[in-house]
C-alpha cells in the first residue's frame, strides 16, 4: 500500500489530525501564549458565505486557548501558515518532493497536484526552505 493512498493525503480533517499528532504529541500548544494542553477544539465553525460556497467552508483543526482566548490551528508557525491551499495537498507535495530521487520540478507538481503553476512554485520553494539545513527563520 502506498503512502499516497493514506486517508490523510485525501481528506482535510484526517490531514489536520495527522499533523496535530506529529507536532503536538503532548497536546495542543498555543502559538500566541505558549501554554500547553489548555486549549479546546472548536467544532462546526464555518467561513463566511461566498458565491462558490454559499453556506461557507468548514474550518478543520480549529482550536481556542483557554488562557489568551485566541483561535489557532496547527498551521500557525509552520510552512503551511498564510496559505489557502488545503493541508492534504501540502502533504502530497511534501511526499512527492522528498521521495523523488532527483527532485521534482514545479511544473511536475503543477501537473500531478492539479494546482496552478504559481501555487506549485510557492509550494516547492516553501518546502525547500524548510528542508534547508541551518537555522530556519520564521516565515512572516
Quiz item: Taking the stretch 1-44, which residues are free of Cβ contacts under 8 Å to residues at least 24 places away in the same chain and over 16 Å from residue 62 (Cβ atoms)?
Solution: 1, 2, 5, 6, 7, 21, 22, 25, 26, 34, 36, 37
Quiz item: When residue 69 is evaluated against the numbered criteria (1) surrounded by fewer than 12 Cβ atoms within 10 Å (Cβ to Cβ); (2) touching a helix residue (DSSP H, G or I) at 6+ places or on another chain (Cβ under 8 Å); (3) under 25 Å from residue 32 (Cβ atoms), which criterion, by number, is the only one it fails?
Solution: (2)
Quiz item: Any residue in the stretch 127-140 that is farther than 27 Å from residue 26 by Cβ, in contact with a helix residue (DSSP H, G or I) (Cβ under 8 Å, 6 or more places away or on another chain) and either modelled with pLDDT under 95 or in a helix (DSSP H, G or I) (or both)?
Solution: yes
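When you go through 50, 83 one by one, which is the residue that is surrounded by 14 or more Cβ atoms within 10 Å (Cβ to Cβ), outside any helix (DSSP H, G or I) and modelled with pLDDT under 95?
Values: 50 fails: surrounded by 14 or more Cβ atoms within 10 Å (Cβ to Cβ).
Being surrounded by 14 or more Cβ atoms within 10 Å (Cβ to Cβ), outside any helix (DSSP H, G or I) and modelled with pLDDT under 95 holds for just one of 50, 83, which is 83.
Could you list, in sequence order, the residues of the stretch 95-107 that are surrounded by 15 or more Cβ atoms within 10 Å (Cβ to Cβ) and either touching a strand residue (DSSP E or B) at 6+ places or on another chain (Cβ under 8 Å) or within 21 Å of residue 5 (Cα to Cα) (or both)? Steps first, answer last, please.
Initial filter on the stretch 95-107 (surrounded by 15 or more Cβ atoms within 10 Å (Cβ to Cβ)): 95-97, 104, 106.
Matches in the stretch 95-107: 95, 96, 97, 104.
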Exercise. Kindly list, by first and then second residue, each pair from a residue in the stretch 75-94 that is without any contact (Cβ under 8 Å) to a residue 12 or more places away in the chain and at positive phi to a residue that is surrounded by fewer than 20 Cβ atoms within 10 Å (Cβ to Cβ) and in a loop (DSSP other than H, G, I, E, B), limited to pairs with Cβ atoms under 8 Å and residues at least 6 apart or on different chains.
Key: none
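The values are calculated or read from the model by the stated rules, or taken from the named source; none is laboratory data. Predicted model only: the values in this text are computed from it and were never measured. Neighbour counts are summed over all protein chains in view; Cβ atoms, including those assigned to glycine, are modelled from backbone coordinates with ideal geometry.
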